[in-house]
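Heads up, the thing below is written out as structure tokens.
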Amino acid sequence: VRAALVDALETALANVPRLAGRVVVCPDVSGSMSGPVTGWRRGATSQVRCIDVAALVAAALARRNPGTVVLPFEQDVVGVALDGNDTIMRNAERLAAIGGGGTNCSAPLAWLNRQHVRADVVVFVSDNESWIDARRGSRATATLDEWRRFKRRNPAAKLACIDITPHGTVQAQEDEDVLNVGGFSDAVFDILAAFAAGQRPSGHWVGEIESIAL
């Protein structure tokens, strides 16, 4: 059964669209990501963890977009070697196995800035609970500060933040080059592809993209 599921996942990967340009994907592997993707709901709590979703998104994007830079992060960027010839499931398991530590959402962007990396699309997959680099009052988040530095070197770049368990705050406010997506379904991949290609719908994209009836 497990082998059949792995085969089905590989087949489904054909439906994951390619993103326009050079891609960086940043899956959050911090301790808070070990919680269920549904949150704690009596009688309806999923066995799927937030880190499982983040790892799967990262592995799928890396497979469909050759040359993708994958930067797992917790308190800092965590080094992990993905095998481009291995299955999506195995690469996702490698990422999901990292888990632990605090959350510092600005860490991947700071790493990109230090390394002078050029990219067209940066994708975060997180529960958005960044507390190590938290700012008080009306100051911009550390993530937004690093993004602005990144934009000075990559003026056409776009930032997509997938908040798997959306709350009332975001790391970077919605803008022409910043997209916030709350919740997760397979529709996320199409939204990312449209955003990377410079397409915007008539309505606002913030909020959950799909409700799951349980």
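The values are calculated or read from the model by the stated rules, or taken from the named source; none is laboratory data. In this text the structure is predicted, and so the values were computed from the model without any measurement. Glycine gets a Cβ as well: all are built from the backbone with ideal geometry, and neighbour counts include every protein chain shown. Heads up: the accessible areas ignore ligands, DNA and RNA and are worked out on the full protein's heavy atoms, side chains in. Shrake-Rupley method; radii C 1.70, N 1.55, O 1.52, S 1.80 Å.
Details
- Cut-off 11 Å (backbone N to label point 7 Å along Cα→Cβ of Val48), residues of segment 145-185: 184-185
- Thr87 paired with Asp175, simple spin-label distance in nm, labels 7 Å along Cα-to-beta-carbon: 4.2 nm
- Leu61 contributes about 0 Å² of solvent-accessible surface, heavy atoms of the protein only, 1.4 Å probe.
- Note, ³J(HN,Hα) from phi for segment 21-35, Karplus 6.51, -1.76, 1.60, rounded to Hz, x at Gly and Pro: x, 7, 10, 10, 10, 10, x, 6, 10, 6, x, 5, 6, 7, x
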